[in-house]
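The values are calculated or read from the model by the stated rules, or taken from the named source; none is laboratory data. Predicted model, so just to flag it, every value in this text is computed and none were measured. Note: ideal-geometry Cβ built from the backbone for every residue, glycine included; neighbour counts use all protein chains shown.
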Amino acid sequence: MELLNEMYKARENGAAGSDEWKEATDIYLKMLAPVAPHIAEELWTTQQRKPYSVHQQTWPKVDEEAAKEDVVEIPVQVNGRLRDKVVVPAEASEEEIKAAALASETVQKYLEGQQPKNVIVANKRLVNIVV
């Protein structure tokens with residue numbers, strides 16, 4: 001469904017008919033085939049004018065590099081309550097994440113000028129600041 005929603009947006013922006021559009025449509029039909037085999041086959045042969053059968057096509061390959069996240073959003077808690085979210089590079093170290101969380105204006109407001117007793121970075125997915 002996410003791919004279809006993105007395809008709707010792309011179509012509205014004029015992507016229909018491009019090589020990228022054709023590739024996305026082929027991938028969508030290949031992924032649809034196990035779930036709705038008859039509809040996928042009909043669309044593959046009549047709409048796409050591809051040879052029989054969609055079920056004999058190779059499964060789409062995943063491009064790990066394209067799917068890789070560049071940045072991540074990490075929630076920041078102050079005394080156990082969610083107060084902010086910081087955006088950092090995906091490969092940021094715990095120290096960089098900690099620094100970004102402490103530099104946040106929203107977090108500084110909740111710290112009220114106090115120094116935190118402890119700053120915990122949990123698996124690079126959450127920052128908890130204890131005052």
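Worth pointing out:
- Residue check, residue 107 in contact with an Asp or Glu (Cβ under 7 Å, 6 or more places away or on another chain), assigned to a helix (DSSP H, G or I), modelled with pLDDT of 90 or more and surrounded by 17 or more Cβ atoms within 10 Å (Cβ to Cβ): yes
- Entry remark, region 24-75: residues being more than 28 Å from the chain's Cα centre (by Cα), part of a loop (DSSP other than H, G, I, E, B) and at negative phi number 5 in total.
- Scanning region 78-125 for residues that are among the charged types (D, E, K, R) and over 30 Å from residue 65 (Cα atoms) returns 81, 83, 105, 109, 112, 117.
- Flag for residue 129 being over 22 Å from the mean Cα position of the chain (by Cα), surrounded by 11 or more Cβ atoms within 10 Å (Cβ to Cβ) and assigned to a strand (DSSP E or B): yes
- Residue under evaluation residue 37, criteria (1) over 27 Å from residue 111 (Cα atoms); (2) of a type outside the set (Gly, Ala, Ser); (3) touching an Asp or Glu at 6+ places or on another chain (Cβ under 8 Å), criterion not met: (3)
- Residue match in region 53-73 (condition: in contact (Cβ under 8 Å) with a residue 40 or more places away in the chain and either over 30 Å from residue 128 (Cβ atoms) or surrounded by 10 or more Cβ atoms within 10 Å (Cβ to Cβ) (or both)): yes
- Those residues of region 77-86 which are surrounded by 10 or more Cβ atoms within 10 Å (Cβ to Cβ) and not in a loop (DSSP other than H, G, I, E, B), in sequence order: 77, 78, 82, 83, 84, 85, 86
- In region 87-103, the residues that are in a helix (DSSP H, G or I) and within 15 Å of residue 123 (Cα to Cα): 94, 95, 96, 97, 98, 101
- Output for region 4-43, where each listed residue is under 22 Å from residue 53 (Cβ atoms) and touching a Phe, Trp or Tyr at 6+ places or on another chain (Cβ under 6 Å): 29
- Residue that is nearest to the chain's Cα centre (by Cα), among those in region 110-126 that are outside any strand (DSSP E or B) and of a type outside the set (Lys, Arg): 123
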